[in-house]
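Novice: Input: one structure, supplied below.
The values are calculated or read from the model by the stated rules, or taken from the named source; none is laboratory data. Values in this document were obtained by computation on a predicted structure and should not be read as measured data. As a convention, Cβ positions derive from the backbone with ideal geometry for all residues, glycine included, and neighbour counts pool all protein chains shown. Ligands, DNA and RNA are excluded from the accessible area calculation, which covers all protein heavy atoms including side chains. Shrake-Rupley method; radii C 1.70, N 1.55, O 1.52, S 1.80 Å.
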Amino acid sequence: MKNKYSIFSLARNAVTYHENWREAWRSPEPRKGYDVIVIGGGGHGLATAYYLASEHGIRNVAVLEKNWIGGGNTGRNTTIVRSNYLWDESAHLYEKSLRLWEGLSQKLNYNVMFSQRGVMNLGHTLQDMRDIERRSNANYLNGIDSEVLRPEQIRQIVPIMNTSPHARYPVLGASFQRRGGVARHDAVAWGFARAADREGVDILQNCEVTGILRHNGAVTGVETNRGRIQAKKVGVVVAGHSSVIASMAGLRLPIESHPLQALVSEPLKPILHTVVMSNAVHGYISQSDKGELVIGAGVDSYTGYGQRGSFSVVEGNIGAIVELFPVFSRVRMLRQWGGIVDVCPDACPIIGKTPIRGLYFNCGWGTGGFKATPGSGWVFAHTIARGEPHSLNAAFTLERFSTGALIDEHGAAGVAH
Ligand code: FAD
Ligand code: PYC
């Protein structure tokens, strides 16, 4: 009967001048304490809370967000979803996520507009092509769909691309994952928030964590701008600010925080029907359902917390896009923004325990965590609920930076970082 509410509410709201709508999620006052506090109301934090409640029956949960939900990288990213990573550990994790994406709108009863229009990663040098073939074969062995395309096949899918052999960086081929695509980023936050709220999770916006409370080596709660809140367990999912929260707990993470920019154009009629990425020329592009070209590049090389980025990166980015797509040379840009991405030395995340009992971190997704949102929430909920990782995130420990068991995914990251 879930749809009954939507159909009748539309009619009711039409005659009541859109007043007294039922809120999609409540705005409760913080309780004195919770079984689990999740810090960070981005997609990952909200998904964690949702799966804690729906998969593990842990409903006495709060998500603490210092601003508004989805206002961090979840609402700033360019929404590319794919699972074509090189190593088994990451390929399995991202593939779990992709499978969750495939049923997410139904599961949440909320249209996240997941569109499997394919993701193409271009190769411009012989070494690029060797890497693409190696990764594509690895994907095949892991049961992940992947094709290696020749220039004439690329031309059939994206006829407007400049595939001339005389281009400065000629396109020699590409990997193509047809099940990859894009989704509506805000809807992902809102869908998880509404579903978590209906499971009993408290979503506390404008609630900034300012301290991590500990006793005898275990976490006991958090200090916030809305007072002290106790918790048996705390999960931290604050992309861009992981080191800041870690330092509140006396921890150091192997993370650097960099600005990552994106920009969108004025809307155009549908012209680009798949996602195109090129790591070599530092540019990627897709067209949103609204018609805007969504464009991005690699990270700004300096570290910092300003959500802007520098102009030189935009200039180089647009140069690369225009070289690949001369047809876009006179398109006007509408807006530009930046987010802060937390980058680990091996371009893979940290998902698990810390030396402080009951304190868990999920961070370091760098430029590529949006695609992981459902999978990350799913494994993090498991880890927090059981006190030990799921097999899918067992390799993504903090300890790997002292044992040396790194999982280098720089090649598959698609965006230089
Ligand atoms: P966020 O959405 O950033 O959520 C973290 C939340 O924590 C924020 O809302 C923040 O306000 C909150 N917070 C921080 N400190 C505190 C505190 N002290 N107390 C309470 N709350 C706090 N990934 C892809 O897979 N595909 C892409 O195409 C892609 N493109 C990108 C493009 C750009 C420009 C950027 C910036 C990133 C891109 N990413 C992409 C990466 C992706 O956006 C992130 O990895 C992912 O969204 C992280 O989600 P999250 O929920 O962990 O973080
Ligand atoms: O991880 O696919 C990705 C990505 C694309 C743009 C930014 N990140």
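Novice: Where the centroid of each part is defined by its Cα atoms, how far is the stretch 349-417 from the stretch 201-228 in Å?
Specialist: What the calculation gives is 22 Å, centre to centre.
Novice: Right, something else. Can you tell me the length gained on complete extension of the stretch residue 315 to residue 266, counting 0.36 nm per residue apart and subtracting the Cα distance? Please report the intermediate quantities before stating the final value.
Specialist: On the way: separation 49, 0.36 × 49 = 17.64 nm, distance 1.75 nm.
So the chain would gain 15.9 nm between residue 315 and residue 266.
Novice: Further, regarding this structure: Within the chain, which is the longest segment that contains none of the chymotrypsin sites (Phe, Trp or Tyr not before Pro) sitting in a DSSP loop with at most 15 other Cβ atoms within 10 Å?
Specialist: Details: sites that count: 17, 21, 68, 302, 305.
It works out to 69-301.
Novice: Can I ask one more? When the Karplus curve 6.51 cos²θ - 1.76 cosθ + 1.60 is applied with θ = phi - 60°, which whole-Hz ³J(HN,Hα) does each residue of the stretch 272-281 get, with x for Gly and Pro?
Specialist: Per residue, the Karplus-derived 3J(HN,Hα) values read 10, 9, 9, 8, 10, 10, 9, 6, 5, 8 Hz.
Novice: To continue, here is another question. Taking a probe of 1.4 Å, how large is the accessible area per residue of the stretch 250-338, in Å²? Present the calculation step by step, with values, prior to reporting the outcome.
Specialist: Numbers: 4390 Å² over 89 residues.
Using a 1.4 Å probe on heavy atoms only, each residue of the stretch 250-338 averages 49 Å².
Novice: Do me a favour and compute the ellipsoid semi-axes for the chain from its Cα gyration tensor, root of five times each eigenvalue, largest one first, whole Å. Each step should come with its number before you reach the end.
Specialist: Numbers: eigenvalues 252, 133, 77 Å².
Taking √(5λ) for each eigenvalue gives 36, 26, 20 Å, largest first.
Novice: Also, quick follow-up: Report the net charge of residues surrounding residue 233, where surrounding means a beta-carbon distance below 13 angstrom and charges are Lys +1, Arg +1, Asp -1, Glu -1.
Specialist: Details: positive: 214, 232, 353, 357, 386; negative: 35, 388.
Surrounding charge for residue 233 is +3.
Novice: Still on this structure: If one takes the longest principal axis of the Cα atoms in the chain, at what angle in degrees, from 0 to 90 and to the nearest 10, does the Cα axis of helix 43-56 lie?
Specialist: Approximately 60 degrees, to the nearest 10.
Novice: For the stretch 280-417, which semi-axes, largest first and in whole Å, follow from the square roots of 5 times the eigenvalues of its Cα gyration tensor?
Specialist: Details: eigenvalues 239, 50, 37 Å².
The answer is 35, 16, 14 Å, longest axis first.
Novice: Let me ask another. Would you give the gap between the C-alpha center of the stretch 258-314 and the C-alpha center of the stretch 144-181, rounded to a whole Å?
Specialist: A separation of 19 Å, based on Cα centres.
Novice: At 7 Å along Cα-to-Cβ for each site, give me the label-to-label distance between residue 327 and residue 14 in nm.
Specialist: Going from the residue 327 label point to the residue 14 one covers 3.9 nm.
Novice: Suppose all protein chains stay in the model; what accessible area per residue would a 1.4 Å probe give for the stretch 29-80, in Å²?
Specialist: Working: 1650 Å² over 52 residues.
Solvent-accessible surface per residue comes out at 32 Å².
Novice: Would you mind telling me which residue in 193, 394, 47 has the biggest mean-square fluctuation in a Gaussian network model of the chain, where springs connect alpha carbons within a distance under 10 angstrom?
Specialist: Among 193, 394, 47, the largest GNM mean-square fluctuation belongs to 394.
Novice: Hey, another quick one. Tell me the net charge near residue 387. Cut-off is 13 Å between Cβ atoms, residue 387 excluded, with +1 for each Lys or Arg and -1 for each Asp or Glu. Don't skip to the answer; put the middle values down first.
Specialist: Numbers: positive: 232, 233, 353, 357, 386; negative: 35, 388.
That sum, taken over residues with Cβ under 13 Å, equals +3.
Novice: While we're looking at this one, here's another question. For the stretch 320-417, state which GluC sites (Glu not before Pro) are in a DSSP loop and have at most 12 other beta carbons lying within 10 Å of their beta carbon.
Specialist: Working: sites: 323, 399, 409; in loops: 399, 409.
Those satisfying the criteria are 399.
Novice: Could I ask something else about it? With a 1.4 Å probe and all protein chains in place, put 108, 172 in order of accessible area, largest first. Please report the intermediate quantities before stating the final value.
Specialist: Numbers: 108 10, 172 70 Å².
From most accessible down to least: 172, 108.
Novice: Mind listing P(r) for the stretch 127-196? All alpha-carbon pairs, 5 Å bins, whole percents.
Specialist: Bin by bin from 0 Å, the calculated values are 3, 14, 16, 17, 14, 11, 10, 8, 4, 2, 0.
Novice: Which trypsin sites (Lys or Arg not before Pro) from the stretch 265-344 combine a DSSP loop assignment with at most 14 other Cβ atoms within 10 Å?
Specialist: On the way: sites: 290, 308, 330, 332, 335; in loops: 290, 308, 330, 332.
Of the trypsin sites (Lys or Arg not before Pro), the ones in loops of the stretch 265-344 whose Cβ has at most 14 other Cβ atoms within 10 Å are 290, 308, 330, 332.
Novice: Send over the Kirkwood Rh of the stretch 1-117, from the inverse of the averaged 1/r over different Cα pairs, rounded to one decimal Å.
Specialist: Details: mean 1/r = 0.0583 Å⁻¹.
It is 17.1 Å.
Novice: Same structure, new question: Between helix 373-386 and the chain, what is the angle of the helix's C-alpha long axis to the longest principal axis, kept within 0 to 90° and rounded to the nearest 10?
Specialist: 30 degrees
Novice: Could you look at the chain and say what percent of its accessible area is carbon and sulfur, using a 1.4 Å probe and all protein chains?
Specialist: Numbers: 9660 of 18470 Å².
Of the solvent-accessible surface of the chain, carbon and sulfur hold 52 percent.
Novice: Can I ask one more? Of all alpha-carbon pairs in the stretch 200-298, indicate the percentage at a distance above 19 angstrom.
Specialist: Working: 2984 of 4851 pairs.
Taking all Cα-Cα pairs of the stretch 200-298, the fraction more than 19 Å apart is 62 percent.
Novice: Between the helical axis of 126-141 and the dominant principal axis of the chain, each derived from Cα atoms, what acute angle in degrees is found, rounded to the nearest 10?
Specialist: Long axis of 126-141 versus the principal axis of the chain: about 50 degrees.
Novice: Moving to a separate point now. Can you find, among 185, 137, 115, the residue sitting farthest towards the positive end of the charge dipole of the stretch 99-227, where Lys and Arg contribute +1 and Asp and Glu -1 at Cβ?
Specialist: The listed residue farthest towards the positive side: 137.
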